[in-house]
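Structure record follows, encoded as structure tokens.
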Amino acid sequence: DIGRPVTDININFNNLNLEQAVLEVIDTLVSEEQEVQDRHGCWYSVQIRPYRTTDNKIDGVVITFADIDTVKKSLALSEEARAYAEAVVETVREPLLVLDAGLHIKSANRAFYQAFMVKPEDTVGQAIFDLGNGQWDIPELRILLEDILGKDTMFEGFEVANAFPYIGYKRMLVNARRIVGSNDQTKLILVAIEDVTKR
């Protein structure tokens with residue numbers, strides 16, 4: 001292949017105009033990177049960089065093809081798993097919260113917003129103990145949640161009885177357990193809340 005025009009070489013990639021990309025890099029001297037698939041569905045990162053000689057003159061380009069198929073497919077699987085988990089959370093009728101390692105609310109489901117008559121912008125990012133008028137700021141609850149992070153424990157049936165904004169006096173049972181984050185190390189807590197006032 002040495003000495004042949006690059007356009008004569010069958011590079012077996014979809015949606016990659018190699019000649020145009022090379023000419024743009026030579027013209028602008030700006031490196032270019034694309035993620036492309038071959039005809040078998042495998043992913044590659046294609047980098048095109050200006051080639052400088054020892055006297056700092058541009059004398060063509062260097063093209064590298066890096067196999068990123070495993071990474072790309074892992075990201076797709078992670079995204080699929082995240083979408084699946086979010087769909088499950090949204091389907092559950094119980095109010096659910098996901099807390100981060102700082103015990104701040106990372107997300108909540110629709111049932112939570114409906115049950116407590118609050119909005120996402122007033123909830124996500126807040127410490128659980130700052131919700132409402134501090135009804136959740138209970139020392140025993142704080143200890144239980146911190147134990148989940150430090151000791152990988154769980155608890156069920158912790159009772160919270162208080163007057164909540166907008167909805168009045170309620171008795172709630174709280175269940176919580178640690179869940180694994182996207183990188184298998186992120187510490188998250190899933191909190192389920194059951195209204196048992198009528199009991």
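The values are calculated or read from the model by the stated rules, or taken from the named source; none is laboratory data. These numbers come from a predicted model, not from an experiment. Ideal geometry is used to build each Cβ from the backbone, glycine not excepted, and the neighbour counts take in all protein chains shown. In case anyone asks, the SASA skips ligands and DNA or RNA and just uses the protein heavy atoms, side chains included. Shrake-Rupley method; radii C 1.70, N 1.55, O 1.52, S 1.80 Å.
Details
- A DSSP coil position with no more than 12 other Cβ atoms inside 10 Å describes the following trypsin sites (Lys or Arg not before Pro) in the range 56-91: LYS57.
- Read-out volume of the Cα convex hull per residue in Å³, derived from the coordinates shown; its label in (i) 130; (ii) 200; (iii) 145: (ii)
- The range 32-114 - percent of accessible surface contributed by carbon and sulfur, probe 1.4 Å: 53 percent
- Probe 1.4 Å - accessible area at GLU159, Å² to nearest ten: 90 Å²
- Heavy-atom surface of the chain, accessible at 1.4 Å and reported per residue (Å²): 65 Å²
- Relative contact order of the chain, defined on C-alpha pairs under 8 angstrom at six or more residues apart (%): 13 percent
- Counting only protein heavy atoms and using a 1.4 Å probe, the accessible area of SER78 comes to about 60 Å².
- Taking 29 Å as the limit for the C-alpha separation, the pairs LYS72/LYS119; LYS73/LYS106; LYS72/LYS151; LYS73/LYS151; LYS106/LYS151 exceed it in the case of LYS72/LYS119; LYS72/LYS151; LYS73/LYS151.
- Order of exposure, largest accessible area first, which applies to ILE11, ILE143 with probe 1.4 Å: ILE143, ILE11
- Note on ASP8/GLU80: beta-carbon distance plugged into 1/(1 + (r/R0)^6) with R0 of 35 Å gives a FRET efficiency of 0.30.
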